[in-house]
Structure formats: C-alpha cells, structure tokens
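The values are calculated or read from the model by the stated rules, or taken from the named source; none is laboratory data. Since we're looking at a predicted model, the values are computed, not measured. Cβ placement follows ideal geometry from the backbone for every residue including glycine, while neighbour counts extend to all protein chains displayed. Ligands, DNA and RNA are excluded from the accessible area calculation, which covers all protein heavy atoms including side chains. Shrake-Rupley method; radii C 1.70, N 1.55, O 1.52, S 1.80 Å.
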Amino acid sequence: MAEKSVPDKPLLNFSHARTKEQITVMRKAVDDGVCPFCRESIESYHPKPIIREGKHWLVTENMSPYKGARFHFLFIYTPSHVESMSEISSEAFTELYYLLNQVRNDNRIKGGTLILRFGDNKYNGGSVSHLHAQLVVGDADSPDYEPVRTKVG
C-alpha cells in the first residue's frame, strides 16, 4: 500500500453516500488510512476502469451512477491530494476542458451537467473530499425518463 498522502482530517462523508457499495469502499479506505480518489489508491477502491488519463486528471465511470443518468463520468484530479480549485493550475483546468470534450464526443452527448466538487464535503454534497468533477447526462429520450436529482450542497 502506498504511503499515506492525505491530511489528518475526515476525508469521507458517510451521510452523503447513496449505496451500500459506496459505504463498503469508504469503510475500507478509512481502515487503510487512504483517500480512495488519490492516484495511488483509486484502482484498489474504484471498480470501474480508467477510460482516459491525462497529466492532471483521470476519467472513469461512477461506480454508483445517479438514478436516471444515461452517463455518469468522474474526472478525478491525480497529481496529488487536493481539495480546492485554488490548488491547481490553469493548465489543469485546460486539460479538464479537453477531457470533457473528448468524453462528450466519444459518447455523442448532446447535453449534460457538470458538477465540480471541491472543498469540505460537509458543504458540497460529496462523499469524498478530493477535487473531482462529474459529467452527468440524463436519459431524456427514454420513455421512462425521470430527471436526475442529486445533492450539491
């Protein structure tokens, strides 16, 4: 296991977890003393494959997609454990934009929502305090369409 690379404060917010699978993974990360979104840990805690990887971000599917989502991708910042947008460079933001467009084009996404979770997860609705973004696309063409709902604050 990689050396602990995260601050000594709660990184996971169990009250924001939505599935049993998430809670199981979160408990294991707490027991191991790691952030499940840090690059050296993610493949041990996240069951979905990495779809794309750049210098600053990796892209994967969310292991617990929001109800009603046709697509739900995670863009996780990888060079180090950071929690705030102010901790990353404009080059990293440019790469995020580039990867978002690649995923949008690869999947012929006509429209969606980008959620960028940063800072204390008490306030952002996330379960993991590690800078990450989510591209969520509803399935508006489905006869059983329901809007995607999520907690963002």
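Taking the longest Cα principal axis of the chain as reference, the axis of helix 90-106 is set at about 40 degrees. A dipole drawn for the chain from +1 and -1 charges on Cβ atoms has a positive end, and of Ser44, Leu135, Ala29 the residue lying farthest that way is Leu135. In order along the range 53-68, phi translates into HN-Hα couplings of 8, x, 6, 10, 9, 10, 10, 8, 7, 5, 6, 10, x, 5, 4, x Hz, rounded to whole numbers, per the Karplus curve 6.51 cos²θ - 1.76 cosθ + 1.60 with θ = phi - 60° and x for Gly and Pro.
If the chain between Tyr123 and Asn105 were fully stretched, how many nm would it gain, using 0.36 nm times the residue separation less the Cα-Cα distance? Each step should come with its number before you reach the end.
Details: separation 18, 0.36 × 18 = 6.48 nm, distance 3.18 nm.
Taking 0.36 nm per residue and subtracting the Cα distance, the gain is 3.3 nm.
Surface composition of the range 1-140: carbon plus sulfur atoms hold 50% of the accessible area, using a 1.4 angstrom probe and ignoring ligands, DNA and RNA. Using amide H atoms built 1.01 Å from N in the peptide plane, name the residues 5+ places from Phe71, or on other chains, whose amide H lies under 5 Å from its own. Residues meeting the amide H criterion: Val137.
If R0 is 25 Å, the Cβ-Cβ spacing of Glu91 and Asp31 corresponds to a FRET efficiency of close to 0.10. Treating each Cα of the range 73-132 as an identical point scatterer and summing with the Debye formula, the log10 of I(q)/I(0) at q = 0.12, 0.16, 0.22, 0.29 Å⁻¹ comes to -0.32, -0.55, -0.94, -1.25.
Simple point charges give the picture: +1 on the Cβ of Lys and Arg, -1 on the Cβ of Asp and Glu, and for the range 39-131 a dipole about the Cα centre of about 520 debye. Each part gets one Cα centre, and for the range 11-38 versus the range 65-90 those centres are 16 Å apart. Annotation: amide H-H contacts under 5 Å for Val128 (H modelled 1.01 Å from N, sequence separation of 5 or more, or interchain): Asn13.
Which whole-number value in Å² is the accessible area per residue of the range 65-109, probe 1.4 Å? Mind dumping the intermediate values first?
Details: 2440 Å² over 45 residues.
Result: 54 Å² per residue.
Taking each residue as 0.36 nm, the span from Leu114 to Arg149 lengthens on full extension beyond its C-alpha to C-alpha distance by 11.3 nm.
Evaluated at 25 °C with a viscosity of 0.890 mPa s, what Stokes-Einstein diffusion coefficient in µm²/s does the range 112-153 have when Rh comes from the Kirkwood expression over alpha-carbon pairs? Before the final figure, lay out the partial values.
Working: Rh = 11.5 Å.
Answer, rounded: 213 µm²/s.
Remark: for residue pairs Lys20/Lys48; Lys122/Lys151; Lys67/Lys122; Lys20/Lys110, the C-alpha separation exceeds 20 Å in Lys67/Lys122; Lys20/Lys110. For the chain, the Kirkwood radius over C-alpha pairs fed into Stokes-Einstein at 4 °C and 1.567 mPa s yields D = 81 µm² per second.
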